[in-house]
Amino acid sequence: MENRDPIYVWWDIQSCRLPYGYEPLRVHVAVKSAMRNLGFFGPIDYVAVAVKGWSYGDTLYRIETTGFRIKREYAWQSCSMFIRNNISEWMHSHEPPAVAVIISCDKGLGSLVNRLRVEGFKTCIIYVPAFTSDRLISVPNFSLLWSDVLANAPLVDPREYGLPLREVRAEAIYVHPSQKSVAVTVGMDLRVFDLIENRRVTLVGKSRRSCRKDSTNTRVIRYGASGKFFVCASNDGWVNIWSAESWHRLHTIYPLISSRWSPSKRVALAIAIRSNDSHVCYADTRGDVWVVELDGIDECKVSPSNKTARLLFRSSSIVTKLDFSPDGRYILSADGDFKIRVNVFPKKPLEGAHEIQSICLGHKASITCIAFVWNSEVTERFLSGSDDSTVRLWDISSGSLLHTCDISTMAEYIEVNESEPPAQVKVTDMCTIPNSSLAIVIHIPGDSFIPTSISLSGSMKLLWMVSRPSNPPVSKHPGVTRVKAMPCIEAELSSILGDDQIPGGTKLLEQLQGKVPTEDCGECSTRSHESCNV
Amino acid sequence: MDSKTKPTFSRSTGLPRKKFFRARAHSNPLSDSHFPIPISPSHVDLSLHFPKVSSKKTEFADIGCGFGGLLISLATLFPETLMIGMELRDKVTEYVKELILALRKTSSGGGEYENISVVRTNSMKYVPNYFEKGQLSKMFFLFPDPHFKEKNHRRRVISVDLLDEYAYVLGGGGVVYTITDVEELGEWMRSCLERHPMFEALTQEELDSDPVVELLCNATEEGQKVARNGGQTFKAVSRRIAYVS
C-alpha cells in the first residue's frame, strides 16, 4: 500500500552543496525519486535556505522555478538555526502522520529529530558524510547519502523549462615533468596524486578555511618545467606556489585590489612558469599580466621579499593563455582578439615588458592552446590551436604564419545533419612529442565523451588525457571524468592503457576521477545514447 | 558629379557639407563594433585606398582623424608619402571618404590628394592588424578624448600598454605627435611618453625645425576651435628609440 502522507523537505544549501556542473533543476526530481524508493508517494513541499550575499549564479533561480521556496539568511552559521526553528514551528502546526526530510549536516539536529520521531512523524536525513557525525545518522528513520540521491536522479533538460544549458568549465590535466605526480582539475576541484608515494596529496593552506578553498576553488594550475614548482590559482584571487616534491606551500600572492574605483579581486586566468624557474607570470581577468620573482625560493626557506609587479598592461582585451618560450627569452600571451603577442622578456621584469617582438595574427576564433616545437634542428617556432578548427605554425621572431592545418578535413569529420549549419570542430588541447610529432585533442560536437586536456611526461613517454561527458549529458552519471594514459613510443601512439596498467593503478583513478559508478562499462563511447527526458 | 542629386554636397565647391555628417563626439572604444577588420597587415588592400599608387606602404597614421583636417594639410606637404586616417565613428568616416574623393576630382594639377585615405576602425584594438612591425614613421594623436574620470583612464588612447603597440608599428626614429587642450591630459601623455623606455622627447630645436608641428595646432577643426576660444594647447612629441633598460 502506498504511503500518501505529505512530505516536507528542508534543504540547507550551504552545507549540502551541489557538485560543480550539476544541473539545479534536477534536485527536486532527485528528492522525489528518493522518496519514491523509500515508499512515500505523497505530495512534497520544498524549502531551501540560502545565505544572503553569496553568489549562486543562477542556481537559486533554477531551484525556485522547480517549486522550492527560498529563504535567505544573513550568515552561513544561522542557516541551521533557521531550519531548526522552522521545523519546531511546523511541528506545532502540523499533525502526524507526515514525513520530514532534512537535507543538512547539522550535528545539533539530533534532539529535534528525536522529538519528531516521538511525536509520530517519519523522519529522513540526507547528509554529506564528511561533515556529519555517526550519532546523527542513527537517529532518524531513514538516512541517505546526498551524493547517492543526486546521482540517481533522472536527467532534466533545462531547455524544456526555457532555460539555457549551463557551461561547465573544462577539465585540465597536468603531469609533473618527470612523472612524479599528476594533477587534475575537475570543475573547481583540484586533485593531485603523488605517484612516488602512491597517495593523494592534500594541499595544506594557511588556515583551515583557506585549505578548503585551495582545493575546491581552483581556477588554473601549472607545473614548472624543471619539476620543482607547482603553481595554482584559485577562484577568489589567491595564487599559491608549492614545492612539487615536498608539497609545502612556498609562497602566496594575495588577491589584489586594483583601485578604489574598481575594487575587484584579480582572478588569474592563465599562469606560466619560466623554464629556469626564475619567474612566474599570471594573467588576470582585467587583462594585465603580473610577474613574480622567484629567486630565493628553496625547499625550506621562503624569502619574504619576493616582489610582484605588472608586466604587461592590456587595456583592450583579456589574456586567455600565457606561455614562456622554452629558452625563456620570450613570453607569449594569447588574447581575446584572436592574436598572440610575443614580448621580449626583459632583464628587469619588474619594470615591465615593453618590447614587443612580434604579433601573430591569423586566427579567426579564440585560441585554446599553445605548444612549442623545440629541438636541435628547429628552434623558434610554435604552434597554436583554436576554436576555428585550425592549427597554425608560427615563427617566433617575425610572427609570420608558416603553415595552417585544417583539422576538420584531417579528422574526416562529416556533418550528420545537413539542415543545421556545420558545427566547428574545436581544438581543445595539444602537446608536442619530442620526436617531432604532435598530439592534438579535438572536440567533435555530438560525441559523448570529450577529451579536454592532454599532458606529456617527458621522461616516461606517457601521454595522459582527461575527458568529460558531453554537455547535455547523455548518460545518467553527471560528473564522470575519465583519466587515461597511452604510451607514445617511436612516434606511434599505441592503444590506451587499461586501468590497471596506468602508473598508480586503480588507486590513482579513484582519487582523480572521483567515485566511479558501478554500472559504467569500459568504453562508453560505444554505448547507445539514452534519451534524457524525465 | 551632379550636385543637384546630392543634397549633402555644396554646389559651389563640390565638397560634402559637414552639417549632413554630424555625429556625437564620443564613441565607446572598448565595445565590439561590427566593421570588417583585416586578418593581418598583408590582407590590407591598398589599391582600394590609393588606386593610383602602387607598391608603397602607408607611412603616416592619424589616429582619430575626425573630419580629416590634418590629412588634407599633410597631403600637400608630403605628396609622395601615403597616409591613412583612422576613425571610429561611422558618419564621420563617410564624410572624410566623400571629401577625399571630391578633392581628388576637383584638384587643380591633377593627381593631388591621391596619397590620403581613411578607414573606419578601432585603433585601440586593431593597430597591429593594419601595420607591420616598423612600418610607420609618424603617428598623430590630435585632441584625443580626455576621459576625465580615473576609472576611465584605461580608455585613453595614449597609455603605457598602447605605447608598446605604437612602438612596435613605428620604426626606429618614428615620431609620435600629441596635442590637447586639457592640461591634465597633456601632463598624462607627456609623462607616459617619458616613462616609456622606448620613447624619447624631441628637443626644442627639433620641434622648431619640424614643419608638421605647427599644423598640429591649426590644421584640424578642433584646433581651430581652441584657437578661436583663446585656449592653451599642450604638445608632447617623442621619437621612438631602441629599447633601453
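The values are calculated or read from the model by the stated rules, or taken from the named source; none is laboratory data. Quick caveat: nothing in here was measured; it's all calculated off a predicted structure. Reconstructed Cβ throughout: ideal geometry from the backbone, glycine too, with neighbour counts over all protein chains shown.
Applying the criterion of being in contact with a strand residue (DSSP E or B) (Cβ under 6 Å, 6 or more places away or on another chain) and within 11 Å of chain A (Cβ to nearest Cβ) to the residues of the stretch B:117-133, the residue that is modelled with the highest pLDDT is B:Pro128.
Every condition in (1) within 14 Å of chain A (Cβ to nearest Cβ); (2) surrounded by fewer than 19 Cβ atoms within 10 Å (Cβ to Cβ) is met by B:Ile158 except one, and the failing one is (2).
Of all residues in the stretch A:142-187, those satisfying the criterion of being modelled with pLDDT of 75 or more and touching a Cys at 6+ places or on another chain (Cβ under 6 Å) are A:Phe142, A:Trp146. Within the stretch B:197-208, is even one residue within 14 Å of another protein chain (Cβ to nearest Cβ) and hydroxyl-bearing (Ser, Thr, Tyr)? So far as the stretch B:197-208 goes, no, none of its residues is within 14 Å of another protein chain (Cβ to nearest Cβ) and hydroxyl-bearing (Ser, Thr, Tyr). Counting only residues that are in a loop (DSSP other than H, G, I, E, B) and exposed (fewer than 10 other Cβ atoms within 10 Å of the Cβ), the stretch B:33-54 holds 5 of them.
The residues listed here are B:Glu205, B:Glu200; of these, the one that is exposed (fewer than 14 other Cβ atoms within 10 Å of the Cβ) and more than 21 Å from B:Tyr126 (Cβ to Cβ) is B:Glu205. On the stretch given as the stretch A:389-399, residues that are touching a residue at least 40 places away in the same chain (Cβ under 8 Å) and within 14 Å of chain B (Cβ to nearest Cβ) total 5. Looking across the stretch A:311-343, the residues that are among the polar types (S, T, N, Q) and within 11 Å of chain B (Cβ to nearest Cβ) come down to A:Ser315, A:Ser316, A:Ser317, A:Asn343.
Filtering the stretch A:344-363 to residues that are part of a loop (DSSP other than H, G, I, E, B) and facing another protein chain (nearest Cβ under 7 Å) leaves A:Pro346, A:Lys347, A:Lys348, A:His354, A:Glu355, A:Leu361, A:Gly362.
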